[in-house]
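What follows is a short report on a single structure.
None of the figures in this text is laboratory data; all of them are computed from the coordinates on show. Being a predicted model, the structure only gives us computed values, none of them experimental. Reconstructed Cβ throughout: ideal geometry from the backbone, glycine too, with neighbour counts over all protein chains shown.
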Amino acid sequence: MDITSKKNNNSLRVSLSGRLDTITAPTLDEYLKNNLDGETQLTFDLKDLDYVSSAGLRVFLSYHKKMAERGSMEIENVNEIIMEIFDITGFTEILDIRA
């Protein structure tokens, strides 16, 4: 998985590509811990994400809860495969997802 990001004022936009799974989820978690200080808006761009496992879903849920305390989090550019995973797991009811 590759992670790129862009900060703008109090906003962090994180673009993910590849697979977010058991092996790569801790990398994303650590990246966010190191880059989210003072940010009130977190946006994930999943345009190039091919797969997300339960470990990746846990990262999204964890940061959704953290950002709810100080701002907001949204997920954008979700492809059909990832959207199906969000639908099946009920995450479409929890997260702010924009296809």
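The rows are residues; the columns are (1) farther than 19 Å from residue 1 by Cα; (2) touching a helix residue (DSSP H, G or I) at 6+ places or on another chain (Cβ under 9 Å); (3) free of Cβ contacts under 8 Å to residues at least 24 places away in the same chain; (4) not polar (S, T, N, Q).
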{"residue": "22", "(1), (2), (3), (4)": "no, yes, no, no"}
{"residue": "33", "(1), (2), (3), (4)": "no, no, yes, yes"}
{"residue": "39", "(1), (2), (3), (4)": "yes, yes, no, yes"}
{"residue": "42", "(1), (2), (3), (4)": "no, yes, no, yes"}
{"residue": "68", "(1), (2), (3), (4)": "yes, no, yes, yes"}
{"residue": "73", "(1), (2), (3), (4)": "yes, yes, no, yes"}
{"residue": "79", "(1), (2), (3), (4)": "no, no, no, no"}
{"residue": "84", "(1), (2), (3), (4)": "yes, no, yes, yes"}
{"residue": "92", "(1), (2), (3), (4)": "yes, yes, yes, no"}
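Which number in (1) small (Gly, Ala, Ser); (2) in contact (Cβ under 8 Å) with a residue 12 or more places away in the chain; (3) exposed (fewer than 13 other Cβ atoms within 10 Å of the Cβ) marks the one condition that residue 55 misses? Every listed condition holds for residue 55 apart from (3). Scanning the range 40-61 for residues that are of a type in the set (D, E, K, R) and either part of a strand (DSSP E or B) or over 19 Å from residue 97 (Cα atoms) (or both) yields 45, 47, 48, 50.
Got at least one residue in the range 2-23 being over 11 Å from the mean Cα position of the chain (by Cα) and in a helix (DSSP H, G or I)? Within the range 2-23 (the criterion being over 11 Å from the mean Cα position of the chain (by Cα) and in a helix (DSSP H, G or I)), the answer is no, since none of the residues qualifies.
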